[in-house]
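To keep things clear, I will list the structure first and then write my remarks on it.
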Amino acid sequence: MVINDKLSVELCGIHLSNPIIPASGTFGFGTEMAELYDINILGAISIKGTTREARFGNPTPRIAECEAGLINSVGLQNPGIDKVISTELPNLRKYFRNPIIANISGFSLDEYVECCKKINDEEQVEIIEVNVSCPNVHNGGMAFGTSAESAAKVTQAVKDVTTKPVFIKLSPNVTDIVSIARACEDAGADGLTLINTLLGMRIDTARRQPIVANKMGGFSGVAIFPVALRMVYQVANACKIPIIGCGGISSANDVIEMMMAGATAIQVGAENLRNPYACKEIIENLPTAMEKLKIDSLKNIIGIVK
Amino acid sequence: MEKTLFKITSNKPLTKHVYEMCLSGDTSAIKHAGQFINIAIDGLYLRRPISICDYSENFLKIIYKVVGKGTEQMAAMLPNTTLDILVGLGNGFSINNCHKPLLVGGGVGVPPMYNLAKKLLAQGKQVSVVLGFNTQEEIFYYNEFVNLGANVYIATVDGSVGTKGFVTNAIETNNIDSDYFYACGPLSMLRALYDKLTIDGEMSFEERMGCGFGICMGCSCKTKHGNKRICKEGPVLKKEEIIW
């Protein structure tokens, strides 16, 4: 494999061979994708969001197509933190040598703390991503990420029990994402991932019913890219900690744009669902896209737009 | 699973709303009858999952009903059009040591039964096929199943052809002797078969999918053997594991 250092970035001192990370929930635990291609070309992987107990998630239908994206209301289906540690992480490690980002969700402060403590003890995990922005569960998830105070509280509590870099994954469903980002930074967050999905809805007009059983769900896909980019730009100009930019990225040019806005790394989400080779193709297309724009190294364009 | 380019060789209506599309391309990822493909369609965000009707080396046939934007676009596609398709998805039907399999298809649940019937007949089994439709105008593939050498029965809801009523009525009326069943069709049909047939069997289920290859958890269902993804551990579930 040709090592192209022009693509590499550093995330809290952790070396990524390139900034491309499949977003949590759009790559399973990586093992299905390992059957398709060598996933070691990925900068890192953010695994499926994990909670203390196993969860089936929301009733089906959970998916609604939109004009330039989709709505999902999966509702954090996962096998629970213990199973993730005992089975999923070792399975992924069989195929993947690069950094693993463990994505943690919760329904209470205690749950976040307990899960993060457990995952912090796992050698196999390099970064902890705390999801305070899932729009698909009640009394948890997004509830923690929609006020600066509660987001800071989760950040602080998680930081108290962890030694690994902690990224807080933020919700766009707020009036002022900058104040929440700042609160997380002040509470000790090592980085931020943004954005999670936008709360959306579709109706089946023939049935006169919402398409997804949970009525509403998280909207993602190419349509949300401008919103994500704007939020990354705003937060990057207000915070010093690194940002993983996420939301509607589907091409090498999107990656460059998101990094110019201030992202150190980027996550590809919904695009993986329509094209299982999306991350691979974006990585392969990056050098040509950079050449066209006379970019020598991706590191040099992070936050270059003021 | 493989992501492959296929070329349409023919695309024609079988009934007012049901079309048959033949394609050429690499089918080596398809292992079992009852698997499905996921087709990328220009301008639509998600792929369209369609069951496989028949396949052989470099040949793929699907039968689909026009029900929305995606299938409307498909119906207008001309031969030589190239399609980006994920092939070899899902588990498909299992072939066991039964002697007298009963294959039940309802509406667009009929197509996956075709390749299955072929495979079972090739093993020398005595294959009975029951096809259910609403009315005479909707019937397709009766002759194709007869030509394979299966015993074919029809049920129509309005009684215009075959047994009046549902597939379960046709099974009773014709006193079909069988020791295992395979089914694909509307949920109400699957449920009726589950309740009325005393033999073991397996059924193919539908669900709205995100990816179609097991990474998004969009199409999960609960079974007696744990949570399953319709696109990955399904779409075929064994009768004994189904939770309604």
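Read-outs throughout are calculated quantities, based only on the coordinates presented, and are distinct from any laboratory measurement. Quantities reported herein were computed from a predicted structural model and do not represent experimental measurements. Note: ideal-geometry Cβ built from the backbone for every residue, glycine included; neighbour counts use all protein chains shown.
Values computed for the structure shown
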| quantity | calculated |
| --- | --- |
| Paramagnetic label zone (point 7 Å from Cα along Cα-to-C-beta, residue B:121; backbone N under 17 Å) in region B:160-199 | B:182 |
| Diffusion coefficient, µm² s⁻¹, Stokes-Einstein with Kirkwood Rh over alpha-carbon pairs of region A:158-217 at 4 °C and 1.567 mPa s | 93 µm²/s |
| Estimated translational D of the protein assembly as shown in µm²/s (Stokes, Kirkwood radius over Cα pairs; 10 °C; 1.306 mPa s) | 64 µm²/s |
| Amide hydrogen neighbours beyond the local backbone of residue A:268, cut-off 5 Å, H modeled | A:21, A:23 |
| Partner lysines for residue B:12 [C-alpha distance under 21 Å; skip if fewer than 8 residues away on the same chain] | B:61, B:65, B:69 |
| Ranking of B:114, A:95 by count of other Cβ atoms within 10 Å, fewest first | A:95, B:114 |
| Using θ = phi - 60° and Karplus 6.51 cos²θ - 1.76 cosθ + 1.60, couplings along region A:54-61 (whole Hz; Gly, Pro as x) | 5, 10, 7, x, 7, x, 8, x |
| Peptide A:74-84 - average C-beta neighbours from other chains (10 Å radius) | 2 |
| Using alpha-carbon coordinates, inclination of helix B:187-196 to the longest axis of chain B, degrees | 30 degrees |
| Length gained when the stretch residue A:161-residue A:147 is fully extended (0.36 nm per residue, less Cα-Cα span) | 2.8 nm |
| Which of A:258, B:74 has the fewest Cβ neighbours within 10 Å, and the rest in rising order | B:74, A:258 |
| Where N is the number of residues in region B:2-89, Cα Rg divided by 2.2 N^0.38 Å | 0.97 |
| Against the rule of thumb 2.2 N^0.38 Å, how large the Cα Rg of chain B comes out | 0.96 |
| For A:128, B:176, order by how many other beta-carbon atoms lie within 10 Å, fewest first | B:176, A:128 |
| Residue A:292-residue B:136 FRET efficiency (beta carbon distance; Förster radius 41 Å; 0.05 resolution) | 0.10 |
| ³J(HN,Hα), Karplus 6.51/-1.76/1.60, whole Hz, each residue of region A:263-279, x for Gly, Pro | 7, 8, 9, 9, 10, 9, x, 3, 4, 4, 6, 8, 9, x, 9, 3, 4 |
| Links that overshoot a 27 Å alpha carbon limit, given the list A:83/A:169; A:83/A:117; B:119/B:222 | B:119/B:222 |
| Simple spin-label estimate for residue A:209 and residue B:67 in nanometres, 7 Å along Cα-Cβ | 1.3 nm |
| Local electrostatic count, residue A:13, Cβ distance below 12 Å [Lys/Arg +1, Asp/Glu -1] | -2 |
| Percent antiparallel among DSSP beta bridges (both partners in region A:38-176, rounded to 5) | 30 percent |
| Length added when fully stretched, residue A:227-residue A:86, from 0.36 nm per residue minus Cα-Cα | 47.0 nm |
| Net charge, residue A:82 excluded, C-beta distance under 10 Å - Lys, Arg +1, Asp, Glu -1 | +2 |
| Percent breakdown of C-alpha pair distances by 5 Å bin, ordered from the shortest bin, for region B:101-204 | 3, 14, 28, 28, 19, 7, 1, 0 |
| 5 angstrom amide H check on residue B:201, placed H, neighbours 5+ away | B:181, B:239, B:240 |
| Local electrostatic count, residue A:190, Cβ distance below 12 Å [Lys/Arg +1, Asp/Glu -1] | 0 |
| Gain upon complete extension [residue A:304, residue A:97; 0.36 nm per residue less C-alpha separation] | 71.4 nm |
| Where labels lie 7 Å past Cα in the beta-carbon direction, separation of residue A:110 and residue A:38 in nm | 4.8 nm |
| Phi-based couplings in Hz for region A:99-108 (Karplus 6.51, -1.76, 1.60; Gly and Pro marked x) | x, 10, 9, 8, 9, 10, 10, x, 10, 8 |
| Inter-centroid distance (Cα atoms) of region A:10-53 relative to region A:148-219, Å | 19 Å |
| Rotationally averaged projected area of chain A (alpha carbon convex hull; nm²) | 14.7 nm² |
